[in-house]
Amino acid sequence: MRFLLDDEQSEFGRTLDRMLSAADTPSAVRAWAAGEHGPGRAVLGRLAEAGVFALAVPEAHGGLGPLPVELAVSFVEVGRHAVPGPLVETVAAAALFGRLARAGEAADAAKEWLPRLADGRAAVSLVLPGHGPYALDDAADAVFA
C-alpha cells in the first residue's frame, strides 16, 4: 500500500497553491468577514474551474470522482490559504448526494444538484439536526438539513 502522493497529485497541490497565492485570499477573507461575498465567490469560482468541487461528484453527474485523495490535497491548500465560504459543506453535500444516487435514493435531487455543485454554479450549506436552526454559512445558494 502506497501512502505517498504520486507526481500528478503533488503537482495538483502546487498548482492550487500558486493559484490561491495569486488570488489574494487574505483580502477575500476580510471582505467575507465584513459581509461582502464577491471576492470570496471569485476564489470559489477559480477553485471550481480547477475542478476541486468536481472531485467529490461522480462522473455520471458531471464530476471527476469521487477522488478522495485529490480532494484531500485540494483541502490542504484551501486550508493553508484560509479560503472563505461553504467549501466543506458543498463537498459534503456532493458526497452525500452521490452516495444516495448510487443507492437509488434521491435521484431527482442528485440529478438537479450534483452537476451544479461539480461546476461551481452552486455552493450549499448544511443545517445539522439538533444543533440549532442556523446554516453553517449564510452565503450558500441552498441549505440542506
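Brief remarks on what is shown
- Within region 83-115, considering residues that are touching a residue at least 12 places away in the same chain (Cβ under 8 Å) and of a type in the set (D, E, K, R), the one nearest to Pro58 (Cα to Cα): Arg102
- Top-ranked residue in region 112-131 [being open to solvent by 50 Å² or more (accessible area, probe 1.4 Å) and modelled with pLDDT under 90; ranked as farthest from Ala42 (Cα to Cα)]: Gly130
- Residue check, Val91 surrounded by 17 or more Cβ atoms within 10 Å (Cβ to Cβ), among the β-branched types (Val, Ile, Thr), more than 17 Å from Arg14 (Cβ to Cβ) and more than 9 Å from the chain's Cα centre (by Cα): no
- In region 12-53, the residues that are open to solvent by 70 Å² or more (accessible area, probe 1.4 Å) and among the acidic types (Asp, Glu): Asp24, Glu36, Glu49
- Scanning region 1-11 for residues that are open to solvent by less than 40 Å² (accessible area, probe 1.4 Å) and outside any helix (DSSP H, G or I) gives no hits.
The values are calculated or read from the model by the stated rules, or taken from the named source; none is laboratory data. Computed from a predicted model, the values in this text were never measured in an experiment. A quick note on method: Cβ atoms are made from the backbone with ideal geometry, for glycine too, and the neighbour counts reach across all protein chains shown. The area values use the complete protein model at the heavy-atom level, side chains included, leaving out ligands, DNA and RNA. Shrake-Rupley method; radii C 1.70, N 1.55, O 1.52, S 1.80 Å.
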